[in-house]
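These notes are about the structure you will find just below.
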Amino acid sequence: MASEDRELRGFSTRAIHAGQAPDPSTGAIMTPVYFTSTYVQAAPGDHQGYEYSRTGNPTRTALEENLAALEGGRHGLCFGSGLAATDAILKTMRSGDHIVACNDLYGGTFRIFRNVYEPFGIRSTFVDASDPANITAAMDESTRLIWIETPTNPLLNVADISAIVEAVRGRDVKVVVDNTFATPYLQQPLALGADLVVHSMTKYLGGHSDVVGGALITSDSEWAERLAYVQNAAGGVPGPMDCFLVLRGTKTLAVRMDRHEENARRVVGFLQEHPRVARVHYPGLESHPGHEIAARQMSGFGGMVSFVLVGEEEQDARDLVSRTRIFSLAESLGGVESLIEHPVSMTHGAIPREERLKAGLSDALIRLSVGIEDAEDLIEDLGQALDA
Ligand SMILES: *Cc1c(COP(=O)(O)O)cnc(C)c1O
């Protein structure tokens, strides 16, 4: 869809319509799930834009255009998982290239940087990105990529995207923002100067814990071309049914995010008052160190919350996450149902303890993905688990 259209339409209108014209052959209002691997050609090379479904599939195209419109970018590319999207970015790097990343990031992202790509000579340095000076201090001649998550997982730290873009301006580096936690409804990194947005569609974009997928969005046409080349050459693409499920998810993203946030605020208020809770991490709290930046670069604070129990005992945290009844003990986040987890033994187990503690990730940290159930039920559930 043309960029003029994008500017003219509100977020939810784009979510419901961008990339999704009624099917021209039948009028079907929903994008068909094109279960096909190949496309018939009238003569060699004479086709309707599709040749083979690794290269392109109409259901995937609809999702790619939809996500590009939501992030305000020109190009969208979808992958079989968030990490497959990350992998495609890394495949555009060369041996000797260097990455500076935030130190409080998704465990699997740390793992692919450190354990998969470092042996190929692509080094990464992890720094506290809440101060852009830490990023520039860690850069050297071979730095090609700045990798930011904001808010971060699981500490909800906030990085100032435009300040980081400004700090590295004029150098031959690209700024990548993992926008999984915020979603394009709350934060649009490309408008803040970032070069590329990465998503795990598995989370809020899908929104119903029924699909795994990833996406890249950029307005940098040259880089988009290289990434599309890798997408086709390496082949980490999603199937059409996965794309359909995410398209269904993005249609309700705005209303879900509003409810996630409303519930998260109620839960945060409850946790703050509870005598067993030592501290609560939520960017919507005025006491949160990144609150001012979050208020400036986001239009809301989202549905992710983490907290630490008084005493900071790992066993207390493990006991608590096993006692909730409505909050399910599970990895992942961003679905309509509430989840609770213990990052150190679950999502962030791949990060060595020393690195974790350096980043301020306590053994007793508990992470919540606050769902869209009734807030009173969620609070009652946490209350019974805390008081048991
Ligand atoms: C889940 C997640 C990823 C990885 O995505 P997958 O779809 O699980 O491969 C990357 N970044 C963040 C912030 C995530 O939460």
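Please list the three semi-axes, largest first and in whole Å, of the ellipsoid equivalent to region 349-388, using sqrt of 5 times the eigenvalues of its alpha carbon gyration tensor.
Semi-axis lengths for region 349-388 are 29, 12, 7 Å.
Enumerate by residue number the chymotrypsin sites (Phe, Trp or Tyr not before Pro) in region 79-132 meeting two conditions: DSSP loop (anything except H, G, I, E, B), and at most 14 other Cβ atoms within 10 Å of the site's Cβ.
Passing both the DSSP loop test and the Cβ count: no residue.
So for the pair E312, A295, with labels modelled 7 Å out along Cα→Cβ, what separation do we get in nm?
2.9
Dimensions of region 253-387 along principal axes (Cα, Å, largest first)?
The Cα atoms of region 253-387 stretch 37, 33, 28 Å along the principal axes, largest first.
Which number do you get for Rg(Cα) / (2.2 N^0.38 Å) in region 67-214?
Relative to the 2.2 N^0.38 Å estimate, region 67-214 comes out at 0.97.
If you average the C-alpha positions of region 261-299 and of region 28-71 separately, how far apart do those two centres end up, in angstrom?
42
Among DSSP beta bridges whose residues both lie in the chain, state the antiparallel percentage, nearest 5.
Of the beta bridges lying entirely in the chain, close to 55 percent run antiparallel.
Given contacts defined as C-alpha pairs under 8 Å and at least six residues apart, what's the relative contact order of the chain, whole-number percent?
The value is 17 percent.
Quick one: length gained pulling Q48 to R279 fully straight, 0.36 nm per residue minus the C-alpha distance?
Taking 0.36 nm per residue and subtracting the Cα distance, the gain is 77.4 nm.
Given R₀ = 25 Å, FRET efficiency for I29-E262 by Cβ-Cβ distance, to 0.05?
Step by step, r from the Cβ atoms, then E = 0.25.
Could you tell me, in Å, what Rg and Dmax come out for the Cα atoms of region 211-320?
In order Rg, Dmax, the Cα atoms of region 211-320 give 19.6, 55 Å.
With everything on Cα atoms, drop me the angle between helix 58-71 and the longest principal axis of the chain, reported from 0 to 90° to the nearest 10.
50
Three principal axis extents, largest first, for the C-alpha atoms of region 140-260, in Å?
43, 36, 23
Would you please classify the overall shape of region 1-105 from the alpha carbon gyration tensor, given that a ≥ b ≥ c denote the square roots of the eigenvalues, rounded means a/c under 1.5, and beyond that prolate means a/b larger than b/c while oblate covers the rest?
It is oblate, given that a/c is not under 1.5 and a/b is not larger than b/c.
What ranking of I89, I16, I366 emerges when the number of other C-beta atoms within 10 Å of each C-beta is taken as an exposure proxy, fewest first?
I16, I89, I366
Taking a spot 7 Å from the Cα of D319 along the direction of its beta carbon, which residues of region 363-388 have an amide N less than 13 Å from it?
Taking a point 7 Å out along Cα→Cβ of D319, the residues of region 363-388 whose backbone N falls under 13 Å are 385-388.
May I ask which residue of G108, T152, G335 lies farthest towards the positive end of the charge dipole of the chain, with charges of +1 (Lys, Arg) and -1 (Asp, Glu) on Cβ and the Cα centre as origin?
It is G108.
Relative to the compact-globule scaling 2.2 N^0.38 Å, provide the ratio for the alpha-carbon radius of gyration of region 322-388.
After normalising by residue count via 2.2 N^0.38 Å, the value is 1.21.
Treating only the Cβ of Lys, Arg, Asp and Glu as charged (+1, +1, -1, -1), what charge dipole size does the chain show about its Cα centre? Round to the nearest 20 debye.
660
Once the chain is represented by equal point scatterers at the alpha-carbon sites, with solvent omitted, what log10 I(q)/I(0) does the Debye formula produce at q = 0.10 Å⁻¹?
Debye output, listed in q order: -0.64.
I want to make sure I understand the PRE zone here: with the label point 7 angstrom from the Cα of S345 toward its beta carbon, which residues in region 297-328 have backbone N atoms less than 11 Å away?
Inside the label zone: 314-323.
I'd like the trypsin sites (Lys or Arg not before Pro) in region 12-97 restricted to DSSP loop residues with at most 13 other Cβ atoms within 10 Å, sorted by number.
Here the trypsin sites (Lys or Arg not before Pro) that fit, given the DSSP loop and packing criteria, are R94.
A short reminder: the numbers here are calculations on the coordinates, not readings from a lab. Since the structure is predicted, the reported quantities are computational estimates derived from the model, not experimental observations. Ideal geometry is used to build each Cβ from the backbone, glycine not excepted, and the neighbour counts take in all protein chains shown.
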